[in-house]
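The values are calculated or read from the model by the stated rules, or taken from the named source; none is laboratory data. Quick caveat: nothing in here was measured; it's all calculated off a predicted structure. Counting neighbours? That spans all protein chains shown, and the Cβs are built from the backbone with ideal geometry, glycine included.
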Amino acid sequence: MPTSPSDAAAAPRTSDEHGYVLDAQIGFVLRRAYQRNAAIFSATVPGGLTTTQFSVMHRLAEDGPMSQNLLGRSVAMDAATTKGVVDRLAARGLLATRRDPEDRRRHLVSLTAEGVALNDEAVEAAKQVTAETLAPLTAREQATLLRLLLKIA
């Protein structure tokens, strides 16, 4: 039986009366891994960016201006979350929005010069985050983990 919270985190249980072991559930383990990654991210990436904000900025850096709807879909976010992220980044001067000249109902989202600069700086830090997050694994294990996660994503 674990004697402290850290012991409990380090020693997954192997059985319970219901035949359901929380420590063996993919969602629980993914959440713990994400929490570790998010803590490393917030301590490493500049500008106070969240992982979600960085994803939005980097997708725009990779693919250029796009509709808010397409942006959200491309980073796996619902419309309400996308709007909130875009609004917060625009308020910081990192994103700009404008009407799509081809369809005035749509808004195109793009990085500002400040957004490009912060993204460029954040990318280098994000590489460090990935390396630190995956550090307990061998290179082969890292590749396998990514391949398997992509298969179920």
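Criterion first (closer than 22 Å to residue 131 by Cα, part of a helix (DSSP H, G or I) and among the hydrophobic types (A, V, I, L, M, F, W, C)) does residue 38 satisfy it? In short, yes. For the stretch 3-30, what are the residues that are loosely packed, with under 11 Cβ neighbours inside 10 Å and either under 23 Å from residue 149 (Cα atoms) or at pLDDT 95 or above (or both)? Listed by number, the residues that qualify are 10, 20, 26, 27. Looking only at the stretch 132-148, residues that are of a type in the set (A, V, I, L, M, F, W, C), closer than 17 Å to residue 37 by Cα and surrounded by fewer than 12 Cβ atoms within 10 Å (Cβ to Cβ) come to 1 in all.
Summed over the stretch 93-133, the residues that are in contact with a strand residue (DSSP E or B) (Cβ under 9 Å, 6 or more places away or on another chain) and either of a type outside the set (A, V, I, L, M, F, W, C) or more than 18 Å from residue 59 (Cβ to Cβ) (or both) give a count of 13. Whether any residue in the stretch 68-83 is touching a residue at least 40 places away in the same chain (Cβ under 8 Å) and in contact with a helix residue (DSSP H, G or I) (Cβ under 7 Å, 6 or more places away or on another chain) is what I want to check. Checked the stretch 68-83: at least one residue is touching a residue at least 40 places away in the same chain (Cβ under 8 Å) and in contact with a helix residue (DSSP H, G or I) (Cβ under 7 Å, 6 or more places away or on another chain).
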